[in-house]
Amino acid sequence: MLVHIDQKSQTPIYEQIIKQIKELKVKGILQVNEKLPSVRELSSNLLVNPNTVSKAYQELERQEVIVTLRGKGTFISDQPVSNLDSKKMEELKNTLKQVLIEARYYGISKNQITEWLDELDKELGGETDVKS
């Protein structure tokens, strides 16, 4: 598994796990129906408390990124994410607004931001069908 924990990060460990699994799915590194390590396996590999991994897995399941089949394991979900509600969209918009404020403060142009977005989009696998 390609999850790495930054012990010096201000981001809680369970959030680091969530973000990295989502990124691996978006990049296509983790495929639909691919089996993930068990909570015990991943906690052992990352040297973290199993409760931390369990919390991350529970949140990923709530977000429909993964699915747990009793007795079989945890897998990357084949269901399209259906819970992108207006609250989450507003959260994402506000995050982008904060980035834009910071960029303008430092004199970064809209063209530069657009270039960065294009680079990041390519890094994450290019254009995808996104709900608007």
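The values are calculated or read from the model by the stated rules, or taken from the named source; none is laboratory data. This one's a predicted model, so the numbers in the text were calculated from it and none came from an experiment. We place every Cβ from the backbone using ideal geometry, glycine too, and count neighbours over all the protein chains shown. Surface accessibility is based on the protein's heavy atoms, side chains included, excluding ligands, DNA and RNA. Shrake-Rupley method; radii C 1.70, N 1.55, O 1.52, S 1.80 Å.
Taking a threshold of 23 Å on the Cα-Cα distance, which of the pairs K35/K55; K8/K88; K22/K122; K87/K122; K35/K122; K8/K72 fall above it?
K8/K88; K87/K122; K35/K122; K8/K72
Quick one: putting +1 on the C-beta of Lys and Arg, -1 on the C-beta of Asp and Glu, what dipole do you get for the chain around its Cα centre, in Debye to the nearest 20?
The dipole magnitude comes to about 400 debye.
Please list 3J(HN,Hα) in residue order for the range 67-73, calculated via the Karplus relation 6.51 cos²θ - 1.76 cosθ + 1.60 where θ = phi - 60°; whole Hz, with x for glycine and proline.
Whole-Hz 3J(HN,Hα) from phi for the range 67-73: 9, 10, 10, 3, x, 10, x.
Tell me, what is the percent relative contact order of the chain, built from C-alpha pairs under 8 Å that lie six or more residues apart?
Result for the chain is 22 percent.
Starting from the amide H of G73, placed 1.01 Å from N in the peptide plane, find each other amide H under 5 Å away whose residue is 5 or more places distant or on another chain.
When sequence neighbours closer than 5 places are left aside, there are no close amide H contacts.
First compute the accessible area of the chain with a 1.4 Å probe, then give the percent of it belonging to carbon and sulfur atoms.
52 percent
Rounded to the nearest 0.05, what FRET efficiency do D85 and L117 give with R0 = 35 Å and r taken as the Cβ-Cβ distance? Could you check?
Once the sixth-power term is evaluated, E becomes 0.90.
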